[in-house]
Structures are given as structure tokens and as C-alpha cells.
């Protein structure tokens, strides 16, 4: 690393330590916060035209350079992270929180690898999404362009800094990162390395900016920065996402939660039904694509449910069933009304018998968070009814809901899974961080 | 028309007359307005799953039926419109407002023809936007779906009722229409005919709902209806659009204004430059795609600007130039700073000399409303620099900005031109009123 870049990081970290005293306090007035936020958004908007015409090679080289810098600055990253972790321990944060915050060798290598993977993706910019000619000779095409300025609001997870910045650079956007105060030392080092990677390849460092002031009023200022920030992407727990969704005046890519359903149809193959139910719930219980409710066609419940339930219980999963399903699996607890709307993120699943695919679809229409649902069936017509009629970001047949992931979709990396319907839906990768424009080529046409 | 449908329209009209007394007053409290608005959004959301699986044939037949009903109810439409026009005259509204409000035989036929054109468009739903296979055998496709519930807020223009409802039906969305109180009688008849067309083909009438209460608090309630309305589309003057943009918590497709630029490059063909400048400004001066600023490369200004200016002035256009351009066209008035940001919508154009394509792009970056810009040049490299570097919804080479129109683009009909970058950009037609979902087809895959 050149000495200059090193100084910059150190300088920033020193500055940070002072700010850290304020922690997550809210001391700025809304108008002061807005003025301060404008200093970041002005810089972000200034790099916008530069990034829009940047070459694919420069953007990819900057990502590869940042990956290399992460390798080279391994110890500095660990040191900064140790400060954050110690502060979190002193503040008696929960073990899961501290785990998410903590970096080790493998996690650092995974961040670098993530940037290399993003660099290897096809260029999301300049893609010709559509092209046609008009009778008057005009040639019209729809071409992918950067979205503009992204605002990412997140909590402790350090890898969000790298993932979000990497996807932003790839897609020619400027990004303003506002991480939690608990990971500020780690985020400062990581954002500094991303900026150094940009500088090394002649791209503007301000493509990646970290809000190095943890006053909470600045979150409000980001959410209100219409015209200056094009989209806000919240990454974190339900309360963060809800606050962003409620307060934002800027458009938001949000995902509130993943209440994902597995529906076992009368024409299901029992082996597939068992394997997929077990995997959808238990492979990892804490991810948004984990199943939370098992729906079983009443017609085959006696035949199929006991075996599926046995697999789940053997894996340590608790069952909460409606009265009809408990008649078949007596060891299950009784489900309450709230269970159908609960994202457990835990080894618990709610179980309900339904009347065929229509019954399953009605339950899903009412309780789903429109994230991911799967039907297990060998009947193609029933599958198509489900795939067409269920309005969720991802609908599946004979596959585990845990495939709901940008990497598993082949998108390389994702910044989250959107449950909204505007602009991006499902995994949000580099392509989803683009807009488009119409390019019209004529040879002198005037409109009659 | 069956007697039942006729009664319904009459019934609604009677109801309306009473409401009309309140005019545009704001008497409802925000919470009462929210409760009342929920009665429309609840009905809209209830038809959502039905419309999502409706057949293309039924939707097109409903549009054709509504077109036929418009022909058949010509006199009733004229009568209702006459009431609105008389009220507007009594309220001493401006002539341009009354002209926009007034329907005649040709305008009524054009509305019916518009519905027939929309019916003839390809189905926007179910389009496979992308498809790929994964190494594990999963087949993934991205398929177009309805967006959900549209809220359209507009002013006097009666045809917006038909255009918006027609595009909503075509794209399987439910629409809640809130027109201005000044066109309420006309809008009530037209919306009733759209609903009758839906009923005739077994589709839910509540796919098209008119807010038959002109209390202004209901506009606020629409703008705040997050989760119940998916997108708001304002159609009207700058102040309406600005209010919507400022107050909406629901995502908005908006277009604030069209400050469109024509740039005459050093390598322009003079004949094309003259024809396009004249057409871009003067074909119709009141549309958003009309040019408002002419930029001329300093290198050829002496050679080209006088002829272009002469054409414009001969057509009745006033010129407002910077000092350099006025040296070449002395009869032009002096442009003031505000001219570069003004959408005249009138026979006025601002003129400025710039230093080549970079100078033109810098001016556009600063003053454009990101609607439509065109470059006149025979130099392909210069054209590509402009097309790539200018971040507007529509960028053109050697074509008139007046082609910025969904019909001219071959989209059939449009509900406006979006100058935003989220979801829809440029002309918003039936395709742009869709979202998508991922459909994943497996044969028992579980995630490792």
C-alpha cells in the first residue's frame, strides 16, 4: 500500500475515535444533519457523470485492486475489528451480535473473494435491454445505465461495507455507506481500502463514501435526501428496515422479512417432499429464505405429514400445528393465530392442512411476506397454477426455499432480497442496481 | 348498454352532484380521509389476485367492450362534459383549462380508438424477461407480473380516465383514479363505462375505481397509503406533480417538466439542423418533448445559427440568446440566468453557444430535467459521446425531441413520461406498469 493511502486510513481512524464518543447519540438538529449530509451527497453526485462513462476495465481493476489491498492489510483490518469487538463486549452486546461483528481470517478472505467474483461478472452497464426500428427509420434501443447515488444503511456486519461498495463500483453508482457505530473502526478501514482501489485505477474515490459520524440524525437526513440519493438500501434487522420503510422519502429497496412457505401437494413425491421440507427449514434457520410454514394438502396429509414431521423433529425442529395437523402429529404444539405471521428464524415451523393448491394459495396470499414459496408436486398443471397465482418475489416448484439467494441464482453477489415490486424484486445484484435510458438514432427525422 | 349498467351510471352521477357541492374543499381530517381511502384500496387489493391470473383474451375483450360503450354512450358523455364545462366557465377558469376539459366528437372517438389500440398491443403479462439454467439443474426465469394497485392523480383532462384505466386493465393492475373536481361528471361516466366493459367479460369492476369524493384530504390519504397503493402516477401541471413528489410516501412515477435541448454540433448537416430545430421547438410548443434550449457549437455558430434562427423567427418563435449568440442574431432578446431552467411551453427558445460536445454536455448536466435531448451531427464518435454521457430518459441523434412519446416509440399508449430513474423511465406504457417474479423449476433440489 502506498504510504499516502495508509496515512489516509490512519487519519480517518483517529478522527473516528473522537466521533465514537458520541456513539449512536442524536445531537444534531434535523437541519444541521441535512446540511452535513449534503456534503456527502454533493460529492457523490459529482462523481456520477464520471462513473457513468467509466470503462468496464477500470471498474473491474479497481475491484481487483481493493481485493488485493484487503489481503495486504489483513492485520490492520483485524486490529480495527478487535477495537469494535472489545467495545461491543464492554457494552455487553448479545453473542449473536458479536459473532456478526467479528472478522477472522476466513471472513476477510471471503470479502476479498467476493470482490473478485463481482469483478468477474459481465458488465451491467451498456447492456442493450431491447432494440427495435420504427417505420420512419428511427432506431430505438433501451440501454442500461447506473441508477445514480445509493444510500446503504446497515448495522454491525462488516462485510456489507465491501459487498455494497463492490456492487456499487461494478454498476457505476456512487454509494454512501452508513454503518452502525459498533462497527465503525472496521468499516472505516474497509471503505478506505475500496477508495484506494478506485484511486489506483484513476476512478474517483468518492464513488465510495462512509458517513464517518455516527449521529443518528444523519440516518434521518439520508432518508429525507430526495433528489440527492436515488435509492436507500437498508440491511439489518426488522426494526431497522421498518424504520427506514416508514421514514424514507427516498425510494427504498427493502425486505421486511421472509415468511416462506412449503406446500406439499396431493401429487407430491414423498421423497422430494421430505428432503425439501427438511432442507428448506433446517439447512440454516437464520436466513430469510428459511421456510417458516409447512402447508399440506388435506388429501395426503395422513400419508405424508408424519414422515415429514419425523424428519424435522429428528433434526431438532419444533412443530406448531393447527388442530387438523396435530391429529396426525400429536407431539406438535398448538399453533396460535400469530404463528402464521411469524418469521421464527429458529428451529420452529408452523404446520397447517389446506384444501389443495387453492387453499395453499389463499393461506399464502394472506400470510406470506411475498419473499419465497415452493410447491412440491409432480402435477405440472397444479405447479403452473401455483407459479402463476402466487405473487411472491420467488416462486418455486420442487426446490428448497433456501435457494433464494443471489449467489445461488448465479448473480454473483447480492445486496439483499427485495420483497417490494418496484424496480428490483428478489435478489438485488449488480444488474438490479442499474436504470436505463432510451437511445434514439435517426438521420434527420422530424415529427409530422 | 344493458339497463342495469345504465342505471349504475345514472346513480353515480346523482351521487356526484351532491358531492360536487364540496368542490375541492378539505373538510375530512387526515384519519377520516385515511379510513375512507381504505375502502377503495381494500377493493383494489381484493381484485389483485383475480387480475393477476386473468386471461389476455378477457382483458382485451373488456377493453374492446369499453370502447364500444364509449361509442354507444356518446351523448351521455357529452351531456356530463357539458355540465363540467359550464361549471368551469361559471368559475371563470382560463381558456386553456376549459379547452383541455372539453370533449367533442373527435376527442370521444379518439378515446375509444385508444382503448382499441391498447387491446391490440402484445400482452405485457407473462413475458419471459430472462431465462437461464443453473449447474444443479434449476431452471430460473424472470416473468412479468402486474405491479399491483396504481393510484392516478390528475386534473381536468378527461382522456386520462380512459388512458389510465385502459393501461391498468391491459397490465392486470387495479387502478384508483382521483380526477379533479372540475371534470368529475365526465370522469364518472367514463369510469362507469370502463367498469361495465370489465363486467361484460367476467372481470371485477373494481379493477377500475374512481374516487367519487373530491375532498382534497383524500389526495393526501392516497399519497400516504403505503402497502395499499403500489405506485402513484400524477398527471397534470407542475404544481400538482411537485405536491405529489414532495408529499408521497408511496413510490411515484413523476415527470416534473421537460427542459429539452437541441445541440448543433460542428459536424452537423445544416439542413438536418434547420429542420430538426424548427420541428423540435415549433411543431407543438405545449408538449413536454418540445425543445426549450438550442445549444450551438461555437465553431460553426456563424455558419449555422443565423439560418436556424431565421426559420424559428419566421415561424413566430421568440429567441433569448446569450451575449455570444446575440452577436450573430442581433434581433434576439438577452437571455437571463433563469431562462436556462425554464420550460416555456410556448413559442420561445433560449440559445447559447458552447465549446463542442463537452460544453453542450456540461450545460445539459446542469440545466436539463433529464427528459429528452438531441445532438445533430454526422460524426459518429461525437454522437456516441453524447448518447453515452448524457443522463436523460431519452437521448437522440439527428431526430426531433418531439418524438419523445409512447405512441411514436411504438408503445401504443402512455400514461406519461417519467424523468425518474426508478422502475420506469421515459414513456410509461403497459410494459412499464408491470413488475416481475422469479420462477424456479426444480426436480427435488435441496441446497447443500
Checklist entry - Do we find a residue being outside the structural domain of residue A:286 (by TED's automatic domain parsing), in contact (Cβ under 8 Å) with a residue 24 or more places away in the chain, closer than 29 Å to residue A:181 by Cβ and in contact with a helix residue (DSSP H, G or I) (Cβ under 9 Å, 6 or more places away or on another chain) anywhere in segment A:126-138? => result no
Checklist entry - Would you pick out the residues in segment B:358-383 that are more than 30 Å from the chain's Cα centre (by Cα) and part of a helix (DSSP H, G or I)? => result B:358, B:359, B:380, B:381, B:382
Checklist entry - Any residue at all in segment B:46-54 that is away from chain A (no Cβ under 14 Å), more than 30 Å from residue A:412 (Cβ to Cβ), under 24 Å from the mean Cα position of the chain (by Cα) and surrounded by 12 or more Cβ atoms within 10 Å (Cβ to Cβ)? => result no
Checklist entry - Among the listed residues B:382, B:372, B:377, which satisfies the condition of being modelled with pLDDT of 95 or more, in contact with a strand residue (DSSP E or B) (Cβ under 9 Å, 6 or more places away or on another chain) and at the interface with chain A (Cβ under 9 Å from one of its Cβ atoms)? => result B:372
Item to check | Subset tally (residues that are over 29 Å from the mean Cα position of the chain (by Cα) and more than 9 Å from chain B (Cβ to nearest Cβ)) for segment A:259-272 | outcome: 5
Item to check | Selection count, segment A:223-237, where residues are within 9 Å of another protein chain (Cβ to nearest Cβ), more than 17 Å from residue A:160 (Cα to Cα) and buried (at least 23 other Cβ atoms within 10 Å of the Cβ) | outcome: 1
Next on the checklist: Quick test for you: out of B:295, B:256, B:345, B:319, pick the one residue that is in contact (Cβ under 8 Å) with a residue 24 or more places away in the chain, part of a loop (DSSP other than H, G, I, E, B) and away from chain A (no Cβ under 13 Å).
Outcome noted: B:345
Checklist entry - Has segment B:395-412 got at least one residue that is within 28 Å of residue B:266 (Cβ to Cβ) and more than 7 Å from chain A (Cβ to nearest Cβ)? => result yes
Next on the checklist: Looking at residue B:275 and the list (1) out of contact with any strand residue (DSSP E or B) (no Cβ under 8 Å at 6 or more places or on another chain); (2) at the interface with chain A (Cβ under 10 Å from one of its Cβ atoms), which single condition is not satisfied?
Outcome noted: (1)
Next on the checklist: Against the conditions (1) out of contact with any helix residue (DSSP H, G or I) (no Cβ under 6 Å at 6 or more places or on another chain); (2) crowded, with 22+ Cβ neighbours inside 10 Å; (3) under 15 Å from residue A:262 (Cβ atoms), where does residue A:386 fall short? Just the number, please.
Outcome noted: (1)
Checklist entry - Looking only at segment B:238-249, which residues are facing another protein chain (nearest Cβ under 10 Å) and in contact with a strand residue (DSSP E or B) (Cβ under 9 Å, 6 or more places away or on another chain)? => result B:245, B:246, B:248, B:249
Item to check | Matching option when the condition is surrounded by 24 or more Cβ atoms within 10 Å (Cβ to Cβ), under 22 Å from residue A:86 (Cα atoms), modelled with pLDDT of 95 or more and over 13 Å from the mean Cα position of the chain (by Cα), among A:174, A:187 | outcome: A:187
Checklist entry - Looking only at residues in segment A:419-441 that are within 8 Å of chain B (Cβ to nearest Cβ) and outside any strand (DSSP E or B), which one is nearest to residue A:112 (Cα to Cα)? => result A:425
Checklist entry - Which residue out of A:124, A:135 is in contact with a strand residue (DSSP E or B) (Cβ under 7 Å, 6 or more places away or on another chain) and either buried (at least 20 other Cβ atoms within 10 Å of the Cβ) or not in a strand (DSSP E or B) (or both)? => result A:124
Checklist entry - Of the numbered conditions (1) under 13 Å from the mean Cα position of the chain (by Cα); (2) within 11 Å of chain B (Cβ to nearest Cβ), residue A:444 satisfies every one except a single condition; which is it? => result (1)
Item to check | Count of residues meeting criterion [assigned to a loop (DSSP other than H, G, I, E, B) and surrounded by 24 or more Cβ atoms within 10 Å (Cβ to Cβ)] in segment B:399-418 | outcome: 4
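Residue by residue, here is whether (1) outside the structural domain of residue A:351 (by TED's automatic domain parsing); (2) buried (at least 23 other Cβ atoms within 10 Å of the Cβ); (3) assigned to a loop (DSSP other than H, G, I, E, B) holds:
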residue	(1), (2), (3)
A:198	yes, yes, no
A:209	yes, yes, no
A:215	yes, no, yes
A:221	yes, yes, no
A:272	no, no, no
A:280	no, yes, no
A:285	no, no, yes
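Residue-wise test of (1) touching a strand residue (DSSP E or B) at 6+ places or on another chain (Cβ under 6 Å); (2) part of a helix (DSSP H, G or I).
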{"site": "B:130", "(1), (2)": "yes, no"}
{"site": "B:141", "(1), (2)": "yes, no"}
{"site": "B:151", "(1), (2)": "yes, no"}
{"site": "B:164", "(1), (2)": "yes, yes"}
{"site": "B:182", "(1), (2)": "no, yes"}
{"site": "B:186", "(1), (2)": "no, yes"}
{"site": "B:190", "(1), (2)": "no, yes"}
{"site": "B:206", "(1), (2)": "no, yes"}
Checklist outcome for this item: Exactly one of A:88, A:110, A:62 is buried (at least 22 other Cβ atoms within 10 Å of the Cβ), touching a helix residue (DSSP H, G or I) at 6+ places or on another chain (Cβ under 9 Å) and assigned to a helix (DSSP H, G or I), and that residue is A:62
Next on the checklist: When you check residue A:67 against the structure, is it surrounded by fewer than 19 Cβ atoms within 10 Å (Cβ to Cβ), farther than 25 Å from residue A:223 by Cα and either assigned by TED's automatic domain parsing to the domain that holds residue A:170 or at pLDDT 95 or above (or both), yes or no?
Outcome noted: no
Next on the checklist: Let me confirm something: among B:342, B:377, B:372, which residue is on the phi < 0 side of the Ramachandran plot and surrounded by fewer than 22 Cβ atoms within 10 Å (Cβ to Cβ)?
Outcome noted: B:342
Checklist entry - Residues in segment A:385-394 that are touching a residue at least 24 places away in the same chain (Cβ under 8 Å), within 9 Å of chain B (Cβ to nearest Cβ) and in contact with a strand residue (DSSP E or B) (Cβ under 6 Å, 6 or more places away or on another chain): how many? => result 4
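Hey, among the residues in segment A:333-342 that are part of a helix (DSSP H, G or I) and out of contact with any helix residue (DSSP H, G or I) (no Cβ under 7 Å at 6 or more places or on another chain), which one's farthest from the other protein chains (Cβ to nearest Cβ)?
That would be A:339.
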Checklist entry - Counting just the residues of segment B:226-253 that are under 12 Å from the mean Cα position of the chain (by Cα) and part of a loop (DSSP other than H, G, I, E, B), which one comes out modelled with the highest pLDDT? => result B:253
Checklist entry - Which number in (1) assigned to a strand (DSSP E or B); (2) over 25 Å from residue A:403 (Cβ atoms) marks the one condition that residue A:330 misses? => result (1)
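The values are calculated or read from the model by the stated rules, or taken from the named source; none is laboratory data. The shown structure was predicted, so the numbers you read here are calculated from the model rather than taken from an experiment. Cβ: placed from backbone, ideal geometry, glycine included. Neighbour counts: every protein chain shown.
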